[in-house]
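Visitor: Take a look at the following structure, please.
Bear in mind these aren't lab numbers, they're just calculated from the coordinates by the rules spelled out. Computed from a prediction, not measured in an experiment: that's the story for all the values here. Glycine gets a Cβ as well: all are built from the backbone with ideal geometry, and neighbour counts include every protein chain shown.
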Ligand code: RP5
């Protein structure tokens with residue numbers, strides 16, 4: 001699998017989603033995976049959404065991460081238009097704190113799934129995309145394994161320190 005052309009499409013309903021969605025792009029690029037980042041709205045630019053989703057698989061995109069807030073139909077609309085796996089990121093809103101986005105994305109009726117991560121959890125969306133890509137790519141698989149090991153080592157180090165100094169001193173430090 002070539003890592004030079006975009007393997008993951010990161011689509012967001014508005015550029016106001018970028019401060020959250022950029023975490024997905026940053027994580028994927030840290031793993032050496034190229035991304036295609038677009039602002040495409042399911043309701044404001046439905047024709048663009050349709051054309052992009054219909055062409056994504058043919059262009060070599062393997063996974064789509066779609067973030068939106070409010071009545072967040074973008075991930076579901078993209079999922080309806082392509083067989084590629086779609087990961088939805090509910091973006092936090094000022095009115096309903098992202099619960100609106102979460103419910104809009106997570107409750108897809110049977111037949112067209114959207115794998116939904118937590119509110120604003122764009123990094124987890126990227127990690128899930130990497131795990132999907134790793135199934136067919138040994139290089140990405142090794143990087144995911146290394147990331148997990150580093151994460152586990154970090155927890156073990158903190159626990160060792162906690163055991164050494166005791167929880168009361170640890171809490172003060
Ligand atoms: C959604 O509406 C976007 O995904 C964004 O989260 C939300 C607010 O959009 P703007 O106010 O930035 O246009 O379509």
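Visitor: Rounded to two decimals, what is the ratio between the C-alpha radius of gyration of the stretch 73-147 and 2.2 N^0.38 Å?
Guide: That works out to 1.22 for the stretch 73-147.
Visitor: Moving on to the next point. Using mean Cβ contacts within 10 Å as the protection proxy, how do 107-113, 50-56 order, highest first?
Guide: Order by mean packing, descending: 50-56, 107-113.
Visitor: Rounded if a/c is under 1.5, else prolate if a/b is larger than b/c, else oblate: which is the stretch 8-136, with a ≥ b ≥ c the root eigenvalues of its Cα gyration tensor?
Guide: Verdict is rounded for the stretch 8-136.
Visitor: By the gyration tensor of its Cα atoms, with a ≥ b ≥ c the square roots of the eigenvalues, what is the shape of the stretch 16-75: rounded for a/c under 1.5, prolate for a/b over b/c, or oblate?
Guide: Oblate shape, in that a/c is at least 1.5 and b/c is the bigger or equal ratio.
Visitor: Still on this model: Could you please rank 141, 15, placing first whichever residue has the fewest other Cβ atoms within 10 Å of its Cβ?
Guide: Fewest-to-most Cβ neighbours within 10 Å comes out as 15, 141.
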